[in-house]
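Step one of this worksheet: look at the structure below.
The values are calculated or read from the model by the stated rules, or taken from the named source; none is laboratory data. Being a predicted model, the structure only gives us computed values, none of them experimental. We place every Cβ from the backbone using ideal geometry, glycine too, and count neighbours over all the protein chains shown.
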Amino acid sequence: MVKYLITKILQYIFIILASTIFLLLFYSKSFSEENVFTIDEVKVNGTFDINFSREEYIDKVFLESYKMLMSKILLSSDFNKLSLLSLNRIKNLISNFQILNETYIDGKYIGTYKVYFNEKKVKKFLNRNNVSFSQPKKIIAIFYPVLFIDNKLQDFTNNYFYKYWNEIKIKNELISFILPIEDLDDVYKIKKMKNSFEELNIKNIVEKYNIDNYAFAFIENENNKLNVYLKTNFNKNKISKNISYKNFDINNKRNLKNILKDLKIKVTDIWKKENEINLSSPLSLNIKFINTKPNSVDIFKDTLDKINTIDNYFIEEININYAFIKIFYYGNPKKLTEELLKFSYELKNDQGRWVVRSE
């Protein structure tokens, strides 16, 4: 019993330390991220000979950067609609590009580029095609896969989805996943709730990792089908989803790899969907901005110019104490509130009127 308790304590210490280090690395990287419409680190390579043409490789960069942008801001279903676009139309969406690095070694050219897309043109292009775009930030989440094969719960060492989840990569990964440590108490709870999985209290299982976001996948094979019951909690928004894969064969590694990749895309789509912005109908909001400094209105206007979800705004009235501003924006009030808070502006409903104060 003492040995078991010591093992449990060591496990929890490891979990806390690992999660803390991961969080610090993640957030230090996140703070340096650039605008969603800027694609960094686009790499191309090929033969360097007498027929070498940099323009040819720049065209390849434009094609690749467009795919990278669309995979970042669109749901996978919409990406498939717009993945094929002519080079000339792609060039029309680009405002500038930068060569970050070039090498010519042993007859081989390697180039790294940065491409700046024109935000307004991209939004107009998406709107013409009746497609919304997503502007999600990067998050950390627990991925907890529970796999039953022939009605038998697989431990993590035999769980394909656990072993290879972080090895299978998708373009522009928005979620950094932490995998759980196998816990006998959790295994007991899962086995006990197998036939009523929807009632399983997932919070009690994942809370030890000190991370609110999670994707919990209950995976079971039945009649050559793989059924996945997915429960996610991203940014306190809980979603449940059933997914089925036909012609499932546990021994077919290629099939398993394709299923895992598709599942990862679907989990990411859930997070994208929560941050989706409908470009066809901007909302409007009348706010009262409280002046705190002589130039506070000008500083606030500069902030509004930096927020991608804001389409337009204009000042209706201004005096020494406050300014009434009408804002046209995409998304919802919650999203706008979060964006303003990043710049230390607090948006609150005060007796029926929206008020903004600087913290």
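Please tell me if Tyr104 is in a strand (DSSP E or B) and either at negative phi or in the same structural domain as Lys306 (by TED's automatic domain parsing) (or both). When the stated conditions are applied, Tyr104 passes them.
Got at least one residue in the range 223-236 being closer than 27 Å to Lys124 by Cβ and touching a residue at least 12 places away in the same chain (Cβ under 8 Å)? No, the conditions are met nowhere in the range 223-236.
Rundown of residues vs (1) among the charged types (D, E, K, R); (2) closer than 15 Å to Ile142 by Cβ; (3) loosely packed, with under 14 Cβ neighbours inside 10 Å; (4) touching a helix residue (DSSP H, G or I) at 6+ places or on another chain (Cβ under 9 Å), yes/no style:
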{"site": "Asn195", "(1), (2), (3), (4)": "no, no, yes, no"}
{"site": "Asn227", "(1), (2), (3), (4)": "no, no, no, no"}
{"site": "Thr232", "(1), (2), (3), (4)": "no, yes, no, yes"}
{"site": "Asn237", "(1), (2), (3), (4)": "no, no, yes, yes"}
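Screening Lys266 with (1) outside any helix (DSSP H, G or I); (2) surrounded by 13 or more Cβ atoms within 10 Å (Cβ to Cβ) gives one miss only, at (1). Residues in the range 28-83 that are under 19 Å from Ile265 (Cα atoms), at pLDDT 90 or above and outside any helix (DSSP H, G or I): Leu74, Leu75. Scanning the range 227-263 for residues that are farther than 23 Å from Val206 by Cβ and over 23 Å from the mean Cα position of the chain (by Cα) yields a count of 13. The condition of being of a type in the set (Gly, Ala, Ser), at pLDDT below 90 and surrounded by 11 or more Cβ atoms within 10 Å (Cβ to Cβ) does not hold for Gly352. Checking each residue in the range 93-115 for being out of contact with any Asp or Glu (no Cβ under 9 Å at 6 or more places or on another chain) and closer than 16 Å to Lys67 by Cβ picks out Leu93, Ile94, Phe97.
Let's see how each residue does on (1) under 21 Å from Tyr209 (Cβ atoms); (2) in contact (Cβ under 8 Å) with a residue 12 or more places away in the chain:
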site: Lys152; (1), (2): no, no
site: Asp155; (1), (2): yes, yes
site: Asn159; (1), (2): yes, yes
site: Asn166; (1), (2): yes, yes
site: Lys169; (1), (2): no, no
site: Asn172; (1), (2): no, yes
site: Glu182; (1), (2): yes, yes
site: Ile190; (1), (2): yes, yes
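Would you call Asn118 at pLDDT 90 or above, within 30 Å of Lys264 (Cα to Cα) and surrounded by fewer than 16 Cβ atoms within 10 Å (Cβ to Cβ)? For Asn118, the condition - at pLDDT 90 or above, within 30 Å of Lys264 (Cα to Cα) and surrounded by fewer than 16 Cβ atoms within 10 Å (Cβ to Cβ) - is met.
Cβ-Cβ contacts under 6 Å between residues 6 or more apart (or on different chains), taken from a first residue in the range 41-55 that is farther than 12 Å from Thr112 by Cα to a second residue that is surrounded by 13 or more Cβ atoms within 10 Å (Cβ to Cβ) and hydroxyl-bearing (Ser, Thr, Tyr), are listed as Gly46/Tyr109; Phe48/Tyr109.
For first residues located in the range 270-296 and among the small types (Gly, Ala, Ser) and assigned to a loop (DSSP other than H, G, I, E, B), partners that are modelled with pLDDT of 85 or more and loosely packed, with under 14 Cβ neighbours inside 10 Å and lie 6+ apart or on another chain with Cβ distances below 8 Å form the pairs Ser280/Asn130. Scanning the range 301-349 for residues that are aromatic (Phe, Trp, Tyr), in a loop (DSSP other than H, G, I, E, B) and either modelled with pLDDT under 85 or in contact with a strand residue (DSSP E or B) (Cβ under 8 Å, 6 or more places away or on another chain) (or both) yields a total of 1.
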